[in-house]
1. Among B:264, B:142, B:26, which one shows the highest mean-square fluctuation when chain B is modelled as a Gaussian network with alpha-carbon springs under 10 Å?
2. Per 0.36 nm of contour for each residue apart, how much would the distance between residue B:286 and residue B:99 grow if the chain were fully extended, relative to their Cα-Cα spacing?
3. How large is Rg/Rh for the range A:171-215, to two decimals, with Cα atoms and a Kirkwood Rh?
4. To test your reading of the geometry: what angle, between 0 and 90 degrees and rounded to tens, separates the Cα axis of helix A:72-83 from the longest principal axis of chain A?
5. Can you give the FRET efficiency for residue B:109 and residue B:185, using 1/(1 + (r/R0)^6), R0 = 22 Å, r = Cβ-Cβ distance, to the nearest 0.05?
6. Would you mind pulling out the separation of the Cα centroids of the range B:143-175 and the range A:343-367, in Å?
7. Using only DSSP helix segments of four residues or longer, with each worth -39500 (n - 2.57), what per-residue ellipticity at 222 nm results for the protein assembly as shown after dividing by its residue count and rounding to 500?
8. Over chain A, what is the percentage of antiparallel beta bridges among all DSSP beta bridges, to the nearest 5?
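Bear in mind these aren't lab numbers, they're just calculated from the coordinates by the rules spelled out. Everything numeric in this text was worked out from a predicted model, so none of it was measured. Methodologically, a virtual Cβ is constructed for each residue, glycine included, from the backbone with ideal geometry; neighbour enumeration extends over all protein chains shown.
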Amino acid sequence: MKYLSEFRDPDAAKALHKNIELAASKLSEPVKIMEICGSHTVSIFKAGIKSLLPSNVTLVSGPGCPVCVTAMEDMDRMIALSGMAQEKNLTIATFGDMVRVPGSFTSLEKERAKGADVRVTASPLDALRWAQQNPDREVTFLGVGFETTSPTIAATVARAKDDNISNFSVYPAFKLLPPALAALLNSDDVAIDAFICPGHVSVMLGADTYRPVAAKYGKPCVIAGFEPLDIMLGISVALNLLVNKQHEVYNTYKRAVTDEGNRTAMDLLMKIFRPVDAPWRGLGYIPDSGLDFRDSYAEFNAITRYGLSEVETGSDPPGCACGDVLRGVMDPPQCHLFGNECNPESPIGSCMVSSEGSCAAWYRYSE
Amino acid sequence: MTTDDRILISHGSGGKKSQELTERIFLKYFNDPALLLMNDQAVMDIDAKKIAISTDTYTIDPIFFPGGNIGSLSVHGTVNDVAMSGATPVAMSAGFILEEGLMLSDLEKIAESMSVAAGEAGVRIVTADTKVVARGAADRIFINTTGIGILDGKTNISGQAAKIGDRVILSGTIGDHGIAIASSREGIEFSTPVVSDSASLNYLVQTLLEAVPEGVHVMRDPTRGGLATVLNEIASQSSVGILIEEAKIPLKEAVIGACELFGFDPLYLANEGKMVAFVRESDAEQALEALKSHPLGRDAMIIGEVVDNHPSKVVLATLMGGRRLVDRLTGDMLPRIC
């Protein structure tokens, strides 16, 4: 099978477009479908799918972009750590999008230009290797991400412990998806009719994760892949479930997602970390939605190693509507900073920085 | 900008940040009318001859890559910048910044390939300079060039000249150079290796201009920042809208696959041997045939047209049947690509 051509086939797209229009014509009321994952958001915009939707179907982006949901207090602490980098002989290793996120006072990008050793990598194992190769330096990995990313970071910590690499640490700012979904559905102003559930996160969590959500809140949950046709299929299935009032979980991404998920990865994650209440940009503290080190791995915690809980932190920038955007109650162009003071060149909110951020995607791809 | 702002890597991306830097610093002090046209080369009248001049600096990492090296690239890039005005490139200079410790054998390979590339393009390297800096003050070798070409006086090709109805022709597959560099940097090998498309385009341009001498309004080579950036530059220089079709953009299968792997959008990947030409509708088919007759243009396609809505913006008709904006590059997708 040729994934890159067959999952982008224009004729199949036409057929799915017809399905979507047919299902939409049977809806009694306009519906709002939330795609939770930032990669879905980007794929939707890049493929021009929004421009194909009937007027009674709206897609909104959810809190599924890890950089976007990182709270200002975490951002400020990570940037403060980079500010200490030269003095403490420290290398900061991070996923690329974090570099440009503005904190309350400065950013990793600006600290790097001043001389901080901030290195971008796609793999936490690179950071561990740098630590191994430079025993006279400290290396801290900025741990952001959902269940997709955090198990690899957990595995890296486990290896650091096995190999006695003590000059390596991780700033734990991880997020767990299911508690955030529940928080979203419990808030009064969020009116979502169905979810397109993330692909990669679901590979880890498994389709069963969403069954309680679908049952308790009566919302269809459709797991979809990332190719344009995957997403169009997901939308089409979600609409049909809504038309038939079936509030169930439907997995359209069976080539990757099982019912039970990747237990090995999730068990490893929970061996190193434990769920804690965590701050989300725009959503506040959500119970058990973050991860902290378990006692037996606490030595790798960059927050305690560098006393970062003492660092002065600021609050979200005034006027920034990232919170409402992340909850799907506001489209980015409705924010009065959007495209004016806040743009990808000089972003104010995190949703404008990350390539997976909803604001950046609107700005970049929307006519 | 405030007084304590510094140069960021993204200022070198060829995208919005680069433009901002140019406007805030350089255009403040360099304001010659030829420079203010913001083309890749300046055209000047000297003793009744029209001369095209272009300068460029090469910092690519790695200095040797599949399909070329920093030396051949510096000749190809210089020749292409001059050729995109319609001029015949005739001569160039080469200035070298060498880091203490660079292998002489590497320098010789680089110089040799510059000589070969210049010979192939019919361009003389007439002056050169060398500076050596202490270890760490540069990364092995940087090359600065200036290229000079002569215009025949009839051509009036410029980024300002795109007209509604013009067809946008792309000379071949995009993204080859960007992926060749990214994969050699990451040490990733593909079953079909992607090789840089680095090449001099002056003879391809000549073929095109001979076929449709009056029909070409704009030519540009989509180097750093890629096709998306070049189309945005032209849309805003000419105050016109550009509509392109995703299905028409030639892409190698290996490049599509690598883009998925690296998370790149091929529209923003650098090319070093491709050009886009804006050709009036009545000449478009003939122009396409001319390009396809040349080995460097055999995959040429008409990828879109200049439209009378969304001025200064580039819109893509997607494979899925939808539409979306193609914005300028933000941030640094891949620094030191050329």
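1. It is B:26.
2. That works out to 62.5 nm of additional length.
3. Working: Rg = 11.7 Å, Rh = 11.9 Å.
Answer for the range A:171-215: 0.99.
4. 40 degrees
5. Values: r = 19 Å, r/R0 = 0.87.
Efficiency, rounded to the nearest 0.05: 0.70.
6. 32 Å
7. Working: 27 runs with 243 residues, N = 705.
Counting only the DSSP helices, I get -9500 deg cm²/dmol.
8. If I count the DSSP bridges inside chain A, around 25 percent turn out antiparallel.
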